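J.: Dropping the structure in here first, questions after.
The values are calculated or read from the model by the stated rules, or taken from the named source; none is laboratory data. Quick caveat: nothing in here was measured; it's all calculated off a predicted structure. When we count neighbours, we look across all protein chains shown, and the Cβ atoms used for this are built from the backbone with ideal geometry, even at glycine. Heads up: the accessible areas ignore ligands, DNA and RNA and are worked out on the full protein's heavy atoms, side chains in. Shrake-Rupley method; radii C 1.70, N 1.55, O 1.52, S 1.80 Å.
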Amino acid sequence: MDLFAKQHDTSHQPLAYRMRPRTLDEFIGQDHIVGKGRLLRRSIQADQLSSVIFYGPPGTGKTTLARVIANTTKSRFSSMNAVLSGVKDLRDEIALAKNHLDLYQRRTILFIDEVHRWNKSQQDALLPWVENGTVILIGATTENPFFEVNRALVSRSRIFQLTPLTETDLMTVAQMTLTDRERGYGRWKVIFEQGSLEHLVHVASGDARSLLNALELAVETTPDTFPPKDGSEIAVTMEAAEESIQRKVVLYDKEGDYHFDVISAFIKSIRGSDPDAALYWLARMVSAGEDPHYIFRRMLISACEDIGLADPHCLGIVVSAAAAFDRIGLPEGRFHLTHAALCLAAAPKSNSTMGFFDALKAVEEESHQEVPVHLKDPSRDQKGFGHGEGYLYPHAYRDHWVVQQYLPEGLRSRVFYQPSASGYEDSIRLEVLRKREAQLEAGYADSVPEMLTFSPPDTGSERWLQRIISNRGELLSQVRRRIFSSLHLQRHYRVLDLSAGLGLLVWEACRLVPEGSVHALCADDEVKRVISRYAETLQDERRPILSISSLCAFASQPPHSFEAVIGRNALLREQDKAARLKDIYSLLAPGGECSCSETIPAEGTRLSEAAAFRRSSFTPGKAFASYQDLHDFLLLCEEEMYSDSGNPLVNWDIPFLEAAAENAGCTSVSTDRFSVTEKRTLAEGDVRRWIKRSYLPAYQRASESEPHESAAEACIRLLAGAETEWKTAEVHLCCRKA
């Protein structure tokens, strides 16, 4: 029977089945994958679904999502349960799918519940039909698909992890059930004793099916006969609620993800020096029947990985506790588990043993390195090849140590061990560093070859090399790095780029939120056209959503809220920056972050500073009798320009920006000022534009006299082609919505 076949009489069906959502709007929870603007929701609404696997605990909505897709898609929808079906059933489904595709050009979406129950050969039988597009797979599993599902099948599917519902979500489910007249209990007046419904929600622990089953039992067993007359009152007591759901069960499965999740939490609590949390997770494992030998094995690893030489005794303590446990057993052996866990959690920490993996990487990446001659074994061929010759025997020297090279020549200066400043390791740290410095210093003179050639400088080549090694692009790289490093992006987040430009931030955002969405505001059609052309190389669902809009206009009618808002110079030319920050705040989802970078024109290089590089090239003329006259002219213009309170480029500073963000409602407001200096040759076109459009009008306002055209040309002649140290100042603003 089709899992999603319509049933005319639903009265005999369980409440959890009747209350399954039929549309996305009825679906509760999992906003990270089906919220507005999310990739999966857009794919379902556009009927452009690709193969997906839903993974999560029972009762989180995996089968329900498949049912919603069945109600939405125009494709043929079929379903199988991996427990009840085999390869023969799959072949029959594939044959039907091929017929519908060949005869009606209609795709087939195949839903396989508990797909992890199929063995490798059964999953392999499905693979070619998913790969050639005969069927679109929707798999549902409670086990980690990266371990339990065929790797080739996983690589051709998107993985969406469903998480336990929050208590707020479960309360919404309960209220919907109590008010739904068709499928729930809306025909009666169901009254819960104070705290009883909250008890059901709390004990359900994120499982909607568990809540609905308990709700069904509590409501339908309260009256003497069910159903009573319409409009009747049903009073559910706390006692009935407790009997309906029993006690809360520890969520732990020694064979599944919870096994690995809980041991991970235990080890991370030890690493984080939190003995209380370590004892809690230890108790969770012991209570669930975890093998104590497995716990001891993980603690033995942690003793070296997380503590190491910070307290070298911890390893011996864990070994002794494990040996004592083997002699005593449970239940008294729990003391030895606790003793070892507390010792590790309270110990100073060091991960310096990770230096081994740096050394291993060097072995894998470096070309074959010869053992230095003086370190080779002299017992076989010292006479013929001189192996071992030159070796210095440390015990023959003071303090049993002598400067000597032990690494291969190609790795002479490599450092793998980084001693920490914790516990015992701190006491040996200084000595290790001193000896290492002596080793490096001793080898330096031998490693620097004598200069044997010399050539006169080539002016053209030097200029070209200078352009190559200049800081061109460094500013934009820093801006992008700072903007994204300050965010805590997750793959399903919705991101808004306030100033798309030509994609400085857009493409990086698309890479970081592949299951979310990126919305970008474009200044005009040309910007949108350029970005759209590049976006054609991406899959439809991965492309940014582009809008030609100002921030103010977009904020008045946003499609949804955003977990992150980014931008560069999105506020720079805004006259009312405070109002625009309020717009940004309104666009953020609760807990959302804003990370923007703004240029500070008043703190960058000015033409009066650049003129100093060409002072020797100044020629007196009609406009300026001396270089000082020209310099004074530039200074007067700049004083007027940078003090103009009506100019949005310069009428603000960093404290103003911080205060405006706080007044907008933002929390955790922080700013970081940085600058980049680059070698720059001033193009004549740029200089001419700056002088004509900015400097001359400023001079006229400041002196109330019309500047001579010859003054402009004199400035242009001096500055055009000037090579100068050009500084650009920026401020990085970070804030969030509570």
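J.: I'd like to compare 266-273, 581-588: which one has the highest average count of other Cβ atoms within 10 Å, and what's the full order after that?
T.: Per-residue mean Cβ counts within 10 Å order the peptides as 581-588, 266-273.
J.: Would you list ILE545, ILE301 from the most to the least accessible area, probe 1.4 Å?
T.: Accessible-area ranking of ILE545, ILE301, largest first: ILE301, ILE545.
J.: Still on this structure: For a quick protection proxy, order the peptides 201-210, 278-287 by their average other-Cβ count within 10 Å, most packed first.
T.: My ranking of the peptides, most packed first, is 201-210, 278-287.
J.: For segment 504-557, divide the Cα radius of gyration by the Kirkwood radius and give the resulting Rg/Rh value with two decimals.
T.: Here the Rg-to-Rh quotient is 0.97.
J.: Just to confirm a number: summing +1 for Lys and Arg and -1 for Asp and Glu over residues other than ASN81 whose beta-carbon lies under 11 angstrom from that of ASN81, what do you get?
T.: Taking every other residue near ASN81 into account, the sum is -2.
J.: Rg and Dmax of segment 99-172, using alpha carbons, in Å: what are they?
T.: 15.2, 48
J.: Hey, can you rank 524-533, 288-297 by average C-beta count inside 10 Å, highest first?
T.: Descending mean neighbour count gives 288-297, 524-533.
J.: Can you figure out the FRET efficiency of ALA625 with ILE548, using R₀ = 51 Å and their beta-carbon distance, to the nearest 0.05?
T.: 0.50
J.: Ok, one more. Given H placed 1.01 Å from N in the peptide plane, which residues other than close sequence neighbours of LEU546 have an amide H under 5 Å from its amide H?
T.: Residues meeting the criterion, in which the H sits 1.01 Å from N, are ALA520.
J.: What is the distance, in nm, between label points placed 7 Å from the Cα along the Cα-to-Cβ direction at ALA277 and at HIS400?
T.: 4.1
J.: Another one. Between their Cα atoms, which of LYS679/LYS727; LYS577/LYS692; LYS268/LYS737; LYS528/LYS582; LYS74/LYS98; LYS582/LYS737 are more than 18 Å away from each other?
T.: Beyond 18 Å between Cα atoms: LYS577/LYS692; LYS268/LYS737; LYS528/LYS582.
J.: What whole-number value in cubic angstrom gives the convex hull volume per residue for the C-alpha atoms of segment 271-362?
T.: Dividing the Cα hull volume of segment 271-362 by its residue count gives 95 Å³.
J.: Whole-Å semi-axes of segment 581-731's equivalent ellipsoid, largest first, each the root of 5 times a Cα gyration tensor eigenvalue?
T.: With the √(5λ) rule applied to segment 581-731, the semi-axes are 38, 17, 11 Å.
J.: Moving to a separate point now. What are the ³J(HN,Hα) values, in whole Hz, obtained from phi via the Karplus relation 6.51 cos²θ - 1.76 cosθ + 1.60 with θ = phi - 60°, for each residue of segment 557-564 in sequence order, with x given for Gly and Pro?
T.: Whole-Hz 3J(HN,Hα) from phi for segment 557-564: 9, x, x, 5, 8, 10, 6, 8.
J.: Please work out how much length the chain gains when fully extended from GLU639 to GLU725, using 0.36 nm per residue of separation minus the C-alpha to C-alpha distance, in nm with one decimal.
T.: Full extension of this stretch gives 28.9 nm more.
J.: Further, regarding this structure: With a cut-off of 8 Å between alpha carbons and a minimum separation of six or more residues, what is the relative contact order of segment 81-141 in percent?
T.: 44
J.: While we're here: Using the Cα atoms of the chain, I'd like the radius of gyration and the largest Cα-Cα distance, Dmax, both in angstrom.
T.: Cα only, the chain: 35.4, 110 Å (Rg, Dmax).
J.: Oh, and also: Where Lys and Arg each count +1 and Asp and Glu each count -1, what net charge lies around ASP306 among other residues with Cβ under 13 Å from its Cβ?
T.: Local net charge: 0.
J.: Long-range amide H contacts for VAL236: which residues qualify at under 5 Å (H placed 1.01 Å from N, peptide plane, sequence gap of 5 or more or a different chain)?
T.: The answer is ILE191, PHE192, GLU193.
J.: Every cysteine in the chain with no other Cys Cβ under 4.7 Å from its Cβ, please list them in numeric order.
T.: If one checks each Cβ against the other cysteines of the chain, CYS304, CYS314, CYS343, CYS510, CYS522, CYS552, CYS594, CYS596, CYS637, CYS715, CYS734 turn up with nothing under 4.7 Å.
J.: I'd like the Karplus ³J(HN,Hα) series for segment 569-578: coefficients 6.51, -1.76, 1.60, θ = phi - 60°, whole numbers in Hz, and an x wherever there's a Gly or Pro.
T.: 3J(HN,Hα) across segment 569-578, in whole Hz: 6, 6, 9, 4, 9, 7, 5, 10, 5, 4.
J.: Next up: Could you work out how much longer the chain between GLU193 and ARG491 gets when fully extended? Use 0.36 nm per residue separation minus the Cα distance between them, nm to one decimal.
T.: Length gained between GLU193 and ARG491: 103.1 nm.
J.: By how many nm would the segment from ALA578 to THR23 lengthen if fully extended, with 0.36 nm per residue of separation less the alpha-carbon distance?
T.: 195.7 nm
J.: Quick check: with the 1.4 Å probe, what order do ILE566, ILE548 take by accessible area, largest first?
T.: Sorted descending by solvent-accessible area, the residues read ILE548, ILE566.
J.: Continuing with the same structure: Among bridges DSSP assigns within the chain, what percent are antiparallel (round to 5)?
T.: Counting DSSP beta bridges with both partners in the chain, the antiparallel share is about 35 percent.
J.: With θ set to phi - 60°, apply the Karplus curve 6.51 cos²θ - 1.76 cosθ + 1.60 along segment 339-352 and write out the HN-Hα couplings as whole Hz, x wherever there is a Gly or Pro.
T.: Here the 3J(HN,Hα) series is 4, 5, 5, 5, 4, 5, 5, 8, 6, x, 10, 7, 10, 5 Hz.
J.: For segment 1-115, place one equal point scatterer on every Cα, skip the solvent, and apply the Debye formula. What is log10 of I(q)/I(0) at q = 0.19 Å⁻¹?
T.: -1.17
J.: A further question follows. Near the amide H of SER499, under 5 Å away, which other amide H atoms are found, from residues 5 or more places off or on another chain, if H is placed in the peptide plane?
T.: HN-HN under 5 Å from SER499: LEU521, ARG568.
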